[in-house]
Every structure is written in structure tokens, then in C-alpha cells.
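Okay, so here's the structure we're looking at.
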Amino acid sequence: MGRVGRDWTQIYTIYGLEDWHTPIFLLIHAIVFSASSITFLLHFNWICNSYEYFFPSLSFARFAAGFTGSVMALSAVCLFYAAGNMFYSSVALRWDMAQRMLTAVHDWSAVKTVLDVGCSRGILLNAVAMELKKEGSSGRVVGLDRKNTTLSTLRTAAIEGVQEYVTCREGDARRLPFPDNYFDVVVSAGFVHKVGKEFGSKTAAAAAERMRVVGEVVRVLKEGGVGVVWDLVHVPEYVLRLQELKMEDIRVSERVTAFMVNSHIVSFRKPSQHVIGPSEVRLDWRFSNIF
């Protein structure tokens, strides 16, 4: 299975939907609001007469009934869009973004060690493994996750035909169980923003936990190695931290809507020696035209 011409139904069949409760919840409410708005349309005159019990003016009653029906219809449209975006973002968009993240590394054939922080079902993990296999590399990719998802992740790797390139470990991204300067490439997709949520996502404590993850990514990356992170909402924080750590060639993609919020890809290179002075941040047009 290659990168080009991948059918989205294949992707959903292999990886499934990790959080199906949210889109189903939104879809049910969208159907309820749609049915309510259709009811208002079909029985508008009767509903107007009912509103007259609350509003003495017939014209005002009709306006109130029409406004209520319009709000229900608009809510249904918004909920259908939200459900669709959640469903698309969970798998198909993750796969698409994984392919775009791969372009941040110019020569995969020279890569020997890769770490995927927060590998989950293995969408990015397997994309990296397929790239290593395609380039004839002898490299390996390690997937790390907080939850015990090893069996399901290895199962998807076997389906993709890259199990010999993949290893899984359970661990905490805030204390990566690897030595300094170990990996040629470190990647992460849709994970870092979840770290520290137990403190509240907008709190200083949560931000500090996310910065610990960024620091750990830099620590385990070899000098001259490349880091690529796709994440939601907090990417500007990561860029500032990478600048503080004197990373080079920091690039930020254009905005992509994922899970109803803003997301970006940020890539960087760990310098081969200590660099004095601020790092430059550039928009990376390789990541443009996401849709």
C-alpha cells in the first residue's frame, strides 16, 4: 500500500475510529434539530397559533416561530459540519497530514532511528515505516504511547506490511525512556496538546507540561536531526520554546482546521553545535495547499 492514490475507506478499515462517541453524539443532535426544523416548517401556522398564547401580537408570534425554526435549522447544519469534521479529522486528515510531515525530511534513506511520540493507532508510525521501506532504509521507527496500545498498533503495522520496521513502547512523553542524542528523526501528530490536561488545558501548569515534552523531543534528537510536530492550538508555544532551545530551520505550515480548531505543522533541526542568537521562523510553503 503506497502513499499515492490511497482510498479513504481503506484507511478507516485499517485504523478504525478511536473516538467515535463524539461524532455520533453530534450526529444524533444534528438529526434531532433537523427533524425539529422540518416540523416547524410543515406545521408553521399551527405553531404560530400556539405562540399567540405567549405573544399577544400575531406578527410577533410569527416572527418568534420563524426565528426559532431558523435557529434549529442553522444548529442542525453546524452540528452536521462538526460531526463530519470530527469524523474526517480522526483518520483521513491524520493520514493526509502524516504524508505532508514526511516531506520535512529530505533523505529518508539515510535515517536509521525514528521516534513517534504519541503513536496511538499508528497512522503516522506506519507512514514513516512505509517511507523507510520504500527508500530501502535499514532504519526502524519506535512508537511511544501512554496507553497500552501495543497489540493494536502492531496489528495495523502488519496489515500495512511494515511490521519489521516498527517497535512499540509504553511510556511518558514528559520523561522519554531514551538516552540523549539517540534519534535521527522525532515526529508527533495530534498528541502534545493532550499532555497536562489534568491541570486544565489553559493553565500555566498544563503549558509547563507541554514544554517538558518539547524539551524531551529536543533532548533525544541527534545533533543535525529533524523534529516534526503536527498539533492543535498550542503550536505558537512550541515555536517559542524551540527558539529558546536554539533550534535551527524552524518552519511553520499554514493553518489547517482539525477537530474544529486551528492546527499547524512545525518542523525544526537540532544544530550540530551550540548556536548563539535568535532562531528564524519561516512559513514552510511545502505544507501549503493542505486541502
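The values are calculated or read from the model by the stated rules, or taken from the named source; none is laboratory data. The structure presented is a predicted model; accordingly, all values stated were derived computationally and were not measured. Cβ sites come from the backbone with ideal geometry, for glycine too, and all protein chains shown count toward neighbours. To get the accessible areas, we keep the full protein, side chains included, count just its heavy atoms, and leave off ligands, DNA and RNA. Shrake-Rupley method; radii C 1.70, N 1.55, O 1.52, S 1.80 Å.
Structure notes:
- Members of the range 205-249 that are in a strand (DSSP E or B) and in contact with a helix residue (DSSP H, G or I) (Cβ under 8 Å, 6 or more places away or on another chain): G227, V228, V229, W230, D231, L232
- Every residue from the range 250-263 that is of a type outside the set (D, E, K, R) and part of a strand (DSSP E or B): I250, V252, V256, T257, A258, V261, N262, S263
- Which numbered condition F63 misses (of (1) aromatic (F, W, Y); (2) modelled with pLDDT under 90; (3) touching a helix residue (DSSP H, G or I) at 6+ places or on another chain (Cβ under 8 Å); (4) over 27 Å from I159 (Cβ atoms)): (3)
- Scanning the range 138-157 for residues that are in contact with a strand residue (DSSP E or B) (Cβ under 9 Å, 6 or more places away or on another chain), farther than 22 Å from A110 by Cα and either free of Cβ contacts under 8 Å to residues at least 24 places away in the same chain or open to solvent by 20 Å² or more (accessible area, probe 1.4 Å) (or both) returns R146, K147, N148, T149, T150, L151, L154.
- One residue from E216, E248, E254, E244 being among the acidic types (D, E) and either open to solvent by less than 10 Å² (accessible area, probe 1.4 Å) or closer than 19 Å to V117 by Cα (or both): E216
The rows are residues; the columns are (1) at pLDDT 95 or above; (2) polar (S, T, N, Q); (3) closer than 30 Å to L240 by Cβ.
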position	(1), (2), (3)
C119	no, no, yes
L124	yes, no, yes
L154	no, no, no
E160	no, no, no
G171	no, no, yes
V187	yes, no, yes
K194	no, no, yes
G200	no, no, yes
